[in-house]
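Input: a single structure, listed below in structure tokens.
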Amino acid sequence: MVETTGRSALGAIEGLGDLSHASVVYTRDARYAFVFGRDGGLTKVDLLTRSIVNRVVQSGNSIGGAISQDGSLVAVANYAPGGVKVFTTDTLKLVADIPATWGDGSQRAKVVGLEDAANGRFAFSLFEAGEIWVADFADVAKPVVTRHRNIGRQPYDALVTPDGRYYLAGLYGEDGLAM
């Protein structure tokens with residue numbers, strides 16, 4: 001850990017798994033960080049104590065994730081086997097497993113560009129499928145997934161506009177964006 005005011009190292013946290021191309025998101029109060037490792041690990045870190053609160057290896061390879069606007073859920077984008085898993089932020093209890101199936105239903109796509117889309121929703125792209133999905137967690141026990149098909153070739157990195165209205169994904173396979 002590094003503090004940026006004085007630019008000094010505070011210490012190291014061991015046991016976070018494969019951090020090559022890992023990513024991190026922070027709770028609104030900046031108390032906790034969620035680390036998404038390339039080994040499929042999701043790790044909750046307490047930044048004040050510089051310690052691991054909980055860690056689950058939830059897939060074969062994860063690429064990133066997001067925390068819901070209300071801070072209750074953390075969603076993970078998975079390359080392998082392809083899909084999204086959603087956990088409670090307090091205990092990392094699994095609440096949803098959304099496989100990224102496409103085509104005839106036997107194919108799994110890498111999930112990329114997972115973003116908090118406000119109002120209990122997460123938006124994400126299915127790379128090989130050329131689709132964008134929105135998972136609505138208004139009822140955590142019964143999430144509703146809306147699939148937007150044929151949005152362009154190979155959507156990847158994405159963002160949500162500041163007003164929460166639009167999800168934009170870059171298209172790796174062509175010159176353009178999907179909105």
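A Cβ distance below 6 Å, combined with a sequence gap of six or more or placement on separate chains, defines the contacts here; from region 8-35, residues that are in a loop (DSSP other than H, G, I, E, B) reach residues that are surrounded by 15 or more Cβ atoms within 10 Å (Cβ to Cβ) and of a type in the set (Lys, Arg) in the pairs Asp18/Arg38; Ser20/Arg38; His21/Arg38. Given the structure, is Leu94 at pLDDT 95 or above, of a type outside the set (D, E, K, R) and closer than 23 Å to Lys44 by Cβ? Yes: the conditions hold for Leu94.
Residues in region 41-55 that are more than 13 Å from Ala75 (Cα to Cα) and assigned to a strand (DSSP E or B): Val45, Asp46, Ser51, Ile52, Val53, Asn54, Arg55.
Residues of region 28-56 that are more than 18 Å from Ala109 (Cα to Cα), open to solvent by 30 Å² or more (accessible area, probe 1.4 Å) and under 14 Å from the mean Cα position of the chain (by Cα): none at all. Just wondering, is there one or more residues in region 126-140 that are closer than 20 Å to Asp39 by Cα and either touching a strand residue (DSSP E or B) at 6+ places or on another chain (Cβ under 8 Å) or open to solvent by less than 80 Å² (accessible area, probe 1.4 Å) (or both)? Yes, region 126-140 has at least one match. In region 57-64, is there at least one residue being in a strand (DSSP E or B), in contact with a Leu (Cβ under 9 Å, 6 or more places away or on another chain) and of a type in the set (Ser, Thr, Tyr)? Yes - at least one qualifying residue is present in region 57-64. Looking across region 146-178 at every residue that is open to solvent by 50 Å² or more (accessible area, probe 1.4 Å), of a type outside the set (S, T, N, Q) and part of a strand (DSSP E or B), the one that is farthest from Phe122 (Cα to Cα) is identified as Leu177. Taking the criterion of being under 21 Å from Thr89 (Cα atoms) and among the basic types (Lys, Arg), the residues of region 7-43 that qualify are Arg28, Arg31, Arg38.
Each residue in region 69-95 was checked for being of a type in the set (Gly, Ala, Ser) and open to solvent by less than 10 Å² (accessible area, probe 1.4 Å), and 4 pass.
The values are calculated or read from the model by the stated rules, or taken from the named source; none is laboratory data. A quick note: this is a predicted structure, and the numbers were derived from the prediction, not measured. Here Cβ is always computed from backbone atoms with ideal geometry, including for glycine, and neighbour counts include all displayed protein chains. Only protein heavy atoms, including side chains, enter the accessible area calculation; ligands, DNA and RNA are left aside. Shrake-Rupley method; radii C 1.70, N 1.55, O 1.52, S 1.80 Å.
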